[in-house]
Amino acid sequence: MKCPYCGHLNNKVIDSRLNKEKIITRRRRACEKCNQRFTTYERIEVMLPMLVKKDGRREPWDRGKIVTGLEKACEKRPVSMGDIDRFVDTIEGRLQDYGGKEVPTRQIGEWIMEALPDLDEVAYVRFASVYRQFKDINEFMDELKGFLHDKNSSPK
């Protein structure tokens, strides 16, 4: 592990801990040259199915793209980065359980749309406006009416 302060390659691990879900290891490290301390995070890399885009292109899963989209949808909302990380962990879990070698990106978008109201309702509306690519205000209003109907008719 390269020191982010001086670039030296040798360091020692001072402390290691698992996160609450026991899927990420947090390590406190100290550089053996400059003695600066820094933190690293490790997660298991799982082989996930390839994503199939609308135009037929295939690309590997990129957690960062989902995180970035959710950060934009949750901007200025009371949603922490930890909340977003747990949300994406859930989507990754569904992707792991999917079973196929390829999954349409449309399916991932639907999983996000399903779960997003539980994270933040305003983020849901923001995400939906980009994901659904509304052509006009009427399409947007139809989506919003459907969301409100589902919300009001579901048991609490």
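Bear in mind these aren't lab numbers, they're just calculated from the coordinates by the rules spelled out. Nothing here was measured: the structure is a model prediction, and the numbers come from that model. When we count neighbours, we look across all protein chains shown, and the Cβ atoms used for this are built from the backbone with ideal geometry, even at glycine.
A few notes on this one:
- Positions within segment 7-62 being touching a helix residue (DSSP H, G or I) at 6+ places or on another chain (Cβ under 8 Å) and not hydrophobic (A, V, I, L, M, F, W, C), in sequence order: 21, 49, 53, 54
- Number of the condition not met by residue 33 [criteria: (1) out of contact with any Cys (no Cβ under 8 Å at 6 or more places or on another chain); (2) closer than 30 Å to residue 8 by Cα; (3) charged (D, E, K, R)]: (1)
- Contacts under 8 angstrom Cβ, first residue in segment 36-56 being under 19 Å from residue 66 (Cα atoms), partner of a type in the set (A, V, I, L, M, F, W, C) and surrounded by fewer than 14 Cβ atoms within 10 Å (Cβ to Cβ), 6 or more apart: 43/23; 44/23
- Test result for residue 89, without any contact (Cβ under 8 Å) to a residue 12 or more places away in the chain and among the charged types (D, E, K, R): no
- Matching residues, segment 36-78, being of a type in the set (Gly, Ala, Ser) and closer than 30 Å to residue 6 by Cα: 64
To keep it simple, each residue is scored yes or no on (1) farther than 17 Å from residue 73 by Cβ; (2) touching a residue at least 24 places away in the same chain (Cβ under 8 Å).
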{"residue": "103", "(1), (2)": "yes, yes"}
{"residue": "117", "(1), (2)": "no, yes"}
{"residue": "131", "(1), (2)": "no, no"}
{"residue": "135", "(1), (2)": "yes, no"}
{"residue": "145", "(1), (2)": "yes, no"}
